Amino acid sequence: MERTPPIDAKAFNAFEAEGWERRVDAYDGFFTPITGRLFGPLLDAVGVVPGTRLLDVATGPGHLPARAAERGAVPVGVDVADAMVTRARELYPTLEFHRGDAEELPFADAEFDAVTANFLLPHLARPERAMAELVRVLAPGGRLALATWDVPSRARLFGFFLEAFSEVGAAPPSDLPAGPDVFRFADDAAFTDLLATAGLRDVEVSPIDFNYEAATFDEYWQALQEGTVRMSSLLHGQSKETRLRIRDALKQKLNEHRAPTDTITLPVAVKLAAGRKLS
Ligand SMILES: C[S@@+](CC[C@H](N)C(=O)[O-])C[C@H]1O[C@@H](n2cnc3c(N)ncnc32)[C@H](O)[C@@H]1O
């Protein structure tokens with residue numbers, strides 16, 4: 001039986017927080033056009049209307065709060081990485097952003113009518129602890145919605161890479177802190193349970209699938225190396241030779257997804273869960 005290594009929550013969370021400090025440009029350049037496809041569905045799921053006090057947790061460069069403000073909401077964004085908060089304030093100087101950890105939010109109980117978190121869950125050692133915090137700051141009757149990656153067999157954006165990685169026999173670097181399964185909440189029952197256990201009702205999970213056209217293979221490869229924390233660290237810990245073998249295996253896989261131009265099609269699959277706090 002495969003043994004799962006014990007998780008040192010403090011070490012894993014510190015690794016994530018520190019990693020995101022150096023990812024702003026590469027993340028925003030490549031991944032925001034992908035994760036941004038969830039902004040509208042998340043805002044719809046929490047029922048944002050003019051005047052809604054919305055908290056966006058793990059806001060990154062702050063684009064979701066900006067979209068909420070366009071709908072007349074009063075948004076606040078919070079992120080653990082100073083560099084993300086700085087970028088969000090530069091991009092949207094009239095909006096409010098704070099540095100803060102999802103596991104210990106710097107807000108009072110029931111301060112918000114709605115809470116969103118787009119791709120926060122894969123970066124947490126203790127998702128249940130963060131969920132309790134997200135629900136704590138939500139007002140009774142308020143709505144909460146989160147999005148996370150579907151399994152790699154459907155979220156091919158990461159599936160192609162993870163398959164290429166194992167096909168060449170690469171192993172995760174030994175100094176990478178163990179963390180929970182990135183795709184744990186792709187499972188509808190696990191995702192529903194996370195929200196229900198935190199005290200939400202009327203929980204619904206929906207799949208959202210779409211294709212993303214990356215301009216070139218090199219753009220995709222660059223984003224895998226520099227635009228994420230855990231995936232990028234898998235690559236940084238390899239020898240140059242192994243990295244090149246992973247790159248070749250990935251390129252081979254993507255040949256069938258290449259248009260006559262250099263464009264590659266990356267199938268993306270996401271799960272969105274939403275629920276309501278009891279009045
Ligand atoms: C994949 S990005 C998502 C950014 C944004 N929500 C979006 O959709 O583009 C993950 C974000 O989670 C933030 N993050 C990671 N761990 C966090 C934590 N414990 N508390 C708050 N933010 C966290 C990172 O700094 C990063 O900005």
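Values quoted throughout were computed directly from the atomic coordinates according to the rules given, and no laboratory measurement underlies them. Just so it is clear, the model here is predicted, and its values are computed rather than measured. Backbone-built Cβ (ideal geometry, glycine too); neighbour counts: all protein chains shown.
Okay, here's what the table says:
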| quantity | calculated |
| --- | --- |
| Pairs of alpha carbons in the stretch 100-193 whose separation is greater than 19 Å (percent) | 51 |
| Ranked Lys10, Lys240, Lys253, criterion: other C-beta atoms within 10 Å, fewest first | Lys240, Lys10, Lys253 |
| Cα-centre dipole for the stretch 9-277 with unit charges at Cβ (Lys and Arg positive, Asp and Glu negative), debye to 20 | 140 |
| Which of Phe107, Phe15 has the fewest Cβ neighbours within 10 Å, and the rest in rising order | Phe107, Phe15 |
| Mean ellipticity per residue at 222 nm, deg cm²/dmol - from DSSP H runs of n ≥ 4 across the chain, formula -39500 (n - 2.57) | -11000 deg cm²/dmol |
| The chain: angle of helix 127-136 to the longest principal axis, Cα-based, in degrees nearest 10 | 20 |
| Descending semi-axes in Å of the stretch 155-213, equivalent ellipsoid built from Cα gyration tensor | 29, 18, 8 |
| Volume of the Cα convex hull of the stretch 1-92, divided per residue and given in Å³ | 138 |
| Most mobile listed residue (Arg201, Arg143, Arg230) in the chain, GNM with C-alpha springs under 10 Å | Arg201 |
| Spread of Cα-to-Cα distances over 10 Å intervals beginning at zero, given as percent, for the stretch 194-279 | 14, 31, 24, 17, 11, 1 |
| Nearby lysines by direct alpha-carbon distance to Lys253 (threshold 27 angstrom, same-chain neighbours under 8 apart not counted) | Lys240, Lys271 |
| Two-decimal Rg to Rh for the stretch 9-277 - Kirkwood Rh, Cα set | 0.97 |
